[in-house]
Amino acid sequence: MSDRLLEVRDVTKTFPVAGKNTLRALDGISLDLARGETLGLVGESGCGKSTLARTLLMLERPDSGTVTFDGIDPFSLRNKDLLAFRRRVQMVFQDPYASLNSRMSAGDIIAEPWRTHKTLYKSRRDREMRVRGLLDLVGLRARDADRYPQEFSGGQRQRIGIARALALNPDVIVCDEPVSALDLSVQAQVLNLLNDLQQQLGISYIFISHDLSVVRHVADRVAVMYLGRIIENGPTEAVFDRPNHPYTAALMSAAPKLEAAQRGNRILLKGEVPSPLNPPSGCRFRTRCWRATDICATQAPPVAPDPQVSGHSAECHHPLLAEGAIPVTVSA
Ligand SMILES: Nc1ncnc2c1ncn2[C@@H]1O[C@H](COP(=O)(O)OP(=O)(O)O)[C@@H](O)[C@H]1O
Ligand code: SF4
Ligand SMILES: [Mg+2]
């Protein structure tokens, strides 16, 4: 068993849109995920987070690039083999109200994945035992199996969603904004549950969230996306405390729930995120970047490593951690 469970290299995904145009939702994405690790994925709406999630769930086939899962290219598999492989990556959705079928009992919802994956828990008794086990694992009671989604609170519903994701014993769970529909007090409970499950079961998470304080709390490493690319990634502490890319610094400075001391001066970004139909030349962040120079418009930015923290790097011509650069907390 290799420690590196998932390896994504230079993955591109386009969608055809009206008028013969193509939209580059993912434009050269590379990332690694180790067993038992949580990778936080942050970035503004439309930057490609859900498309990346769907690619990792093997629901979208990349146009180019490679995905290697436990040494295997899942997209080389066909039919039954691909289906069997899909078991290994599961999903927890944002909205625990919309994502559970209100006409099914909690027990049936949790057992539903076994209808597709028929080789798991073949006898009815096995399935009932396993549903009870899963309910217990997520902090619900055995008798909750017979209740319906509308009889549960938001936090309890998300626990049912998590139990359903666990039903196939996945290696990875992709959590797309899993707590943003919940009250703050309930958010903490669900995050603690996800953390306990990781400790017990050794699952890896890809944790997508726009809420930086949540990501800081749960992620071992963080990848920051902008217009279809990961523009900075590294250990969580490093990305939060010493951002190297101007966009990351701006995101961090705008996070309302972070301690003022960490936030530094607020950096106000000008303009809107450009359309992925027609991204800027050179560095795609240049239309909003206060450090942009001519080269940023003509050449794709190089990888700029953090001189002090290995595994932490950004894509930028004028990184914030370069020698002689203005300190990280730059005001607009
Ligand atoms: N099936 C699709 N067809 C066309 N465009 C799509 C499709 N899915 C996503 N997109 C576009 O790809 C970009 C990235 O979308 P998405 O991955 O949902 O971003 P995020 O989850 O970060 O908000 C957006 O511009 C979106 O409109
Ligand atoms: S490459 Fe240039 S435009 Fe892009 S983030 Fe760096 S300084 Fe800004
Ligand atoms: Mg999304």
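Do you know which residues across the range 80-125 are touching a residue at least 12 places away in the same chain (Cβ under 8 Å) and among the small types (G, A, S)?
Passing the criteria: A84, S99, S102, S105, A106, G107, A111.
Look at R141 and say whether it is surrounded by fewer than 19 Cβ atoms within 10 Å (Cβ to Cβ) and under 29 Å from D81 (Cα atoms).
Judged against the criteria, R141 is not a match.
Scanning for something within 16 Å of ligand 1 (Cβ to nearest atom), of a type outside the set (S, T, N, Q) and within 14 Å of the chain's Cα centre (by Cα), does the range 188-206 turn up at least one residue?
Looking through the range 188-206, at least one residue is within 16 Å of ligand 1 (Cβ to nearest atom), of a type outside the set (S, T, N, Q) and within 14 Å of the chain's Cα centre (by Cα).
From L77, L59, L82, grab the single residue that is open to solvent by 10 Å² or more (accessible area, probe 1.4 Å) and either within 16 Å of ligand 2 (Cβ to nearest atom) or at pLDDT below 90 (or both).
L82
So Q158 clears everything in (1) open to solvent by 20 Å² or more (accessible area, probe 1.4 Å); (2) part of a helix (DSSP H, G or I) except one condition, right? Which one?
The number of the failed condition is (1).
Would you confirm whether any residue within the range 22-32 is away from ligand 1 (no atom under 16 Å from the Cβ) and part of a strand (DSSP E or B)?
Looking for residues that are away from ligand 1 (no atom under 16 Å from the Cβ) and part of a strand (DSSP E or B), one finds at least one in the range 22-32, hence yes.
Is the range 16-36 home to any residue that is small (G, A, S), buried (at least 16 other Cβ atoms within 10 Å of the Cβ) and away from ligand 2 (no atom under 16 Å from the Cβ)?
The answer is yes, given that some residue of the range 16-36 is small (G, A, S), buried (at least 16 other Cβ atoms within 10 Å of the Cβ) and away from ligand 2 (no atom under 16 Å from the Cβ).
Just need a number here: residues in the range 170-225 that are in contact with a strand residue (DSSP E or B) (Cβ under 7 Å, 6 or more places away or on another chain) and either of a type in the set (S, T, N, Q) or without any contact (Cβ under 8 Å) to a residue 12 or more places away in the chain (or both).
Result for the range 170-225: 3.
The values are calculated or read from the model by the stated rules, or taken from the named source; none is laboratory data. Please read all numbers here as calculations on a predicted model, not as lab measurements. Positions of Cβ are generated from backbone atoms using ideal geometry, with glycine treated the same way; all protein chains shown enter the neighbour counts. We work out accessible area using only protein heavy atoms, side chains counted, and drop any ligands, DNA or RNA first. Shrake-Rupley method; radii C 1.70, N 1.55, O 1.52, S 1.80 Å.
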